[in-house]
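Written out below as structure tokens is the structure these notes cover.
The values are calculated or read from the model by the stated rules, or taken from the named source; none is laboratory data. Given the structure is predicted, the values throughout are model-derived calculations rather than measurements. Ideal geometry is used to build each Cβ from the backbone, glycine not excepted, and the neighbour counts take in all protein chains shown.
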Amino acid sequence: MSALLFLTFSLSGCLYPNKEEGRSTVNYRESVKRIQSAVDDYKQEEGVLPIINAEITTPRYEKFRIDLDMLNKKGYVDDIPATAFEKGGSAYFLILNEESNPTVKVMDLETVQKVNDVQLQVTRFKSAHGGGLPVGEEIYPGLYSIDSKKAGTATIKLSSVYSGQEIPFIMDKNGNVYVDYVFDIMTVINKNGGPQKQTADLRLDLELASYYVPVKSLPYLWINEQPVPQAPN
């Protein structure tokens, strides 16, 4: 983990270079700007946010999905961005900070799908081995790497939406799968000269640095000068 202190991935201010290693990128700047304006106008005129209802247990980075179809039908946006799921794209547009400062962000569906693919394999392994898990090493307290040979996930690779670098999947003691954003978080922290708030969830640093949300992740705390994901209780 100490090696993280020396990582210096090349990230622009909005984290959208024209080309990233391992995956193509989409510039969401104009789409987010346009949808943010529509959300602001809708909230001012209607008194509520244009969101699709979600279960209370839905994770924060998946919860408040914007109802783009409704915004389009009511004339708040001329058309729905081609990158949106509603138009066959690979992203949901979400709202964060819904009570204090509603902010439009992007949820990458490729990341979600690959986590779901790994989760399916881990669940199959667990069912076939009496509750046992395809555990690799314990890389954080209560969190483990996944033995890809045992799980049958060796061909499932995930490139970060932030850096384009390949990033790993991790698993808790119950077999729940997450993305490990530690490298991306450390990169932003290095660039900023330190975390925004040392006592806060460090995913906030990624929120502020990019249009993307760190979907399928755990909270990260700053411990011994490093970001450490926190296993569920």
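Just give me the residues in region 205-225 being assigned to a strand (DSSP E or B) and either at pLDDT below 95 or within 30 Å of residue 31 (Cα to Cα) (or both), in sequence order.
Within region 205-225, 212, 220 qualify.
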Sole miss for residue 22 among (1) of a type outside the set (D, E, K, R); (2) under 18 Å from residue 108 (Cβ atoms); (3) at pLDDT 95 or above is condition (3)
Scan 212, 144 and give me the residue that is closer than 25 Å to residue 65 by Cβ and in contact with an Asp or Glu (Cβ under 7 Å, 6 or more places away or on another chain). 212
Out of the residues in region 56-93 meeting the condition of being among the acidic types (Asp, Glu) and assigned to a helix (DSSP H, G or I), tell me which one is farthest from residue 178 (Cα to Cα). 69
Condition first: in a helix (DSSP H, G or I) and surrounded by 19 or more Cβ atoms within 10 Å (Cβ to Cβ). Can you find one or more residues in region 128-151 that meet it? yes
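Is one or more of the residues making up region 104-112 crowded, with 19+ Cβ neighbours inside 10 Å and in a helix (DSSP H, G or I)?
yes
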Return the residue satisfying two criteria in turn: it lies in region 42-101 and is touching a Lys or Arg at 6+ places or on another chain (Cβ under 6 Å) and in contact (Cβ under 8 Å) with a residue 24 or more places away in the chain, and of such residues it is nearest to residue 203 (Cα to Cα). 96
Given the structure, is residue 164 assigned to a loop (DSSP other than H, G, I, E, B) and touching a residue at least 60 places away in the same chain (Cβ under 8 Å)? yes
Condition broken by residue 42, with the remaining ones in (1) farther than 18 Å from residue 212 by Cα; (2) at pLDDT below 95; (3) among the hydroxyl-bearing types (Ser, Thr, Tyr) satisfied: (2)
